[in-house]
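Accompanying notes for the structure given below.
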Amino acid sequence: MNAYPFFEVEKLADQQTAILYLNRPDKLNAMSWPFWRDLPLVVDDLEKDPEVRAVIIAGRGKSFSVGIDAFEFFMNNQDVLVGAKPEFREQMHDMILQMQQGFNRMTEGNNVYIAAIHRHCIGGGLDLIAACDLRLAAKDAVFSLRETKIAIVADMGSLNRLPGIIGQGNARMLALTGRDISAEEALRMGLINEIHEDREALMKGALSLAREITGNADNAVRGTKKILNYMQGHSVDDGLKYVAAWNSAFNPPLEGAEAAAFLRDLAAEI
């Protein structure tokens, strides 16, 4: 595993799990350029690691993340942000696409990504958890999509992914108002899957969930994620054909003792 300044990776090989920490606690994990530059690389490392099937994303320090480091971003990109020339507009477009890559690779990857959120989850933090497969939060978590309050359109994935997670009505309410919501409200919306009492309980819950997932067959978990992703842009009929093709092509055939054990386990479940 390579070293990246914004991130800290803790591997639990016996659990086929890694914890990916946002590690800029003195700035409440505000997303500086090393975050955007290196997230695709660290995700690629985790995707290629045969000992990792689940990744818990958590924040060091007092908060999960307060989102993009707006001051640093502006100071480092003034020409691109305020320049009116066509070449500056093109550079801005290319930079946005580059910044989207890390979240896209999480969504499209084989690993299961579990967000473990405490305190602030704002702007880019919300984009990050929207790219995860599952989301857990401590009771003190606060969520906000604040881009409209600073006169920009959210462009890192929240507007694209949240409607599929919490529905159009809830996504529009968050995006158009920029208001803060509590963990309880996030649970009601379906933004998070579980609430835990505090940060310690949150991490225990995330590890327990990861163990439950990695305890299932790898090919079945990967295939299930692929089908769920596919269904976001396709009809039920298309999805049924796709899952039929997937199971025909990628599920390994059962033979001998393995087939007998499968039938025995299936009978025990009925």
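The values are calculated or read from the model by the stated rules, or taken from the named source; none is laboratory data. Everything numeric here is computed off the predicted structure, so don't read it as measured data. A quick note on method: Cβ atoms are made from the backbone with ideal geometry, for glycine too, and the neighbour counts reach across all protein chains shown. Accessible surface areas use protein heavy atoms only, side chains included; no ligands, DNA or RNA. Shrake-Rupley method; radii C 1.70, N 1.55, O 1.52, S 1.80 Å.
Using +1 on the beta carbon of Lys and Arg, -1 on that of Asp and Glu, and nothing else charged, what's the dipole of the chain about the Cα centre, debye to 20?
The calculated dipole for the chain is roughly 600 debye.
Past the 32 Å Cα-Cα mark, which pairs from Lys11/Lys139; Lys149/Lys241; Lys27/Lys226; Lys48/Lys204; Lys27/Lys149?
Over 32 Å Cα-Cα: Lys149/Lys241; Lys27/Lys226.
Excluding residues on the same chain fewer than 8 positions from Lys62, give the aspartates and glutamates whose Cα lies under 14 Å from its Cα.
Straight-line reach from Lys62, under 14 Å: Asp26, Asp140, Asp198, Glu200.
In the chain, carbon and sulfur make up what percent of the accessible area (probe 1.4 Å)?
Answer for the chain: carbon and sulfur cover 55 percent of the accessible area.
Taking N as the number of residues in the chain, what is its Cα Rg relative to 2.2 N^0.38 Å?
Rg over 2.2 N^0.38 Å, computed on Cα atoms: 1.08.
Of Ala206, Gly239, Val221, whose Cα points farthest to the positive end of the dipole of the stretch 198-256 (charges on the beta-carbon: +1 Lys, Arg; -1 Asp, Glu; origin at the Cα centre)?
Among Ala206, Gly239, Val221, the one farthest towards the positive end of the dipole of the stretch 198-256 is Ala206.
Using helices alone, what [θ] at 222 nm do you get for the chain, with -39,500 (n - 2.57) per DSSP H run of 4 or more residues, divided over all residues and rounded to the nearest 500?
Calculated mean residue ellipticity at 222 nm is -17000 deg cm²/dmol.
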